[in-house]
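See structure below.
All of the numbers you see were taken from the coordinates with simple rules; none came from a lab. In this text the structure is predicted, and so the values were computed from the model without any measurement. All Cβ positions, even for glycine, are placed from backbone atoms using ideal geometry, and neighbour counts span all protein chains on display.
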Amino acid sequence: MAVATETDSSPRPRRIYHSLFFQVIVAVILGVLIGHLWPTVGEALRPLGDGFIRLIKMLIAPLIFCVIVTGIAKVGDLGSVGRIGVKALVYFQVVTAFALFYGMVVANLFKPGVGFEVDPADLDTGALEEVTQGGELPGVAQFFLDVIPESVVGAFAENSLLQVLFFAVFVALALSKLGERGKPVLDLIERFTDVIFVCIGWIMRVAPIGAFGAMAFVIGAYGLSSLSSFGMLIIACYSAAVIFLFALAVIARVLAGVNLWKFLRYTKEEFALAIGAASSEAVMPRIMQKLTNAGCSKATTGLVVPTGYSFNLDGAAIYLPIAALFLAQAFGADLSVADQLMMVLILLLTSKGMAGVPGSAFLALSATATALGAFPAAGVALLLGADRLMDTMRVSINLLGNCVATFVIARWEGQLDMERMRAVLDGREPPAREEDEEEPVEAEVSEAPNETAGALAGAGDTDKGTTGDTAPPTER
């Protein structure tokens, strides 16, 4: 009897088709096939992808609020919060500038627009206005002013992450100031965090359906024929992304001691889902939980990740100069080195206001075209056919760039548990820590038989896992 009991209680081998990673990959492949073979059907499946994104988005603002409040309130150090914020912004600025300059170099090497010979009169500017919704990027002063919410309710209702973050920091510092009197409120917020993670676990069960619908729509609406029309542009962007991936690996190893390849294995489900849904926003809660599980403090994760969605779009930073030079070359404009450096400077400023603005990449490129005067701003419409094909590159690099940034800032602040990080990335049982003991609901979820719920909890399962202002897939 004892032997039988031991056998029954031993963990059963997990079948591959139970893996979220496998399910999402299969869903993406099916989406590509449906969109290619039956484009009309593919376009009709768009609500599946949009519905999944909405389910995730409805939980992002409360999740960010809870994570930031609990993380900062426990630290109780205003100076630490300020240091994290300043270091994060400096890091974002340096890496973004490097990505923009790097994209410029790649565009000069590949020359993706040479031979296009475009006539501006043939461009459909109406389609461009539909994508951008007639909007414009905010100025620097307006951008920072918009961080302060006019209404707390409005900040949550509009999913404005920077505004939610701003309010959460105030609440966290107030709870720290109250000490024991604020503990009941802090305990309530921690329990509400557990509730959010359970809800996310349920939502992630339908993630493959969302990825299927999103991919079917993209292929059905834009078709695989765009690959041949914009072949050199696509090759330039994806080649740049692959090389930049190695640059991020070096940054992660040197500045944080993190093996990026092990981290990618650890987060393979999140990256597969983000690529399939064409939005890193879809996996923001899971990524935050996995970063925390891998040793980053809640305070650092809660501050760096949401801020990075506005200030650290590395994938978009690589794409923008390549796209701008593609347009210049397509219209026969010869930009000098000085013009190109001015272009990088303009993009460095305009790219900071991209998050949450529909078609913001097109707006940034239009502003750059107007400032340089090298090609008509309406020429940006030429990219409409290729833009969605760049989502995989932008989404993956944007997401990975923010993960690396979180590790780096946590290491600089002494808030990265190196022993736990190594154990988690190696697939070993991580050492217990005080945070885990204080979150019984989260630990309970991780032991549940449902794989996705376990992934969200991240207390003991190191192969899966975890915990956005809304921007369109272009910027995500």
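Each of Glu158, Glu413 has some number of other Cβ atoms within 10 Å of its Cβ, and from fewest to most they run Glu158, Glu413.
If you bin every alpha carbon distance in region 258-317 into 5 Å steps from zero, what whole percent lands in each bin? The distribution over region 258-317 is 4, 17, 24, 30, 21, 4, given as percents.
Exposure proxy ranking for Arg265, Arg422, based on other Cβ atoms within 10 angstrom of each Cβ and starting from the fewest, stands as Arg265, Arg422. Between Asp50 and Val86, the simple label model (points 7 Å from Cα in the Cβ direction) yields a spacing of 4.5 nm.
Taking 22 Å as the limit for the C-alpha separation, the pairs Lys74/Lys290; Lys111/Lys268; Lys177/Lys290; Lys87/Lys298; Lys57/Lys262 exceed it in the case of Lys111/Lys268; Lys177/Lys290; Lys57/Lys262. All distinct Cα pairs of region 270-356 go into the 1/r average, and the inverse of that average, the Kirkwood radius, is 15.3 Å.
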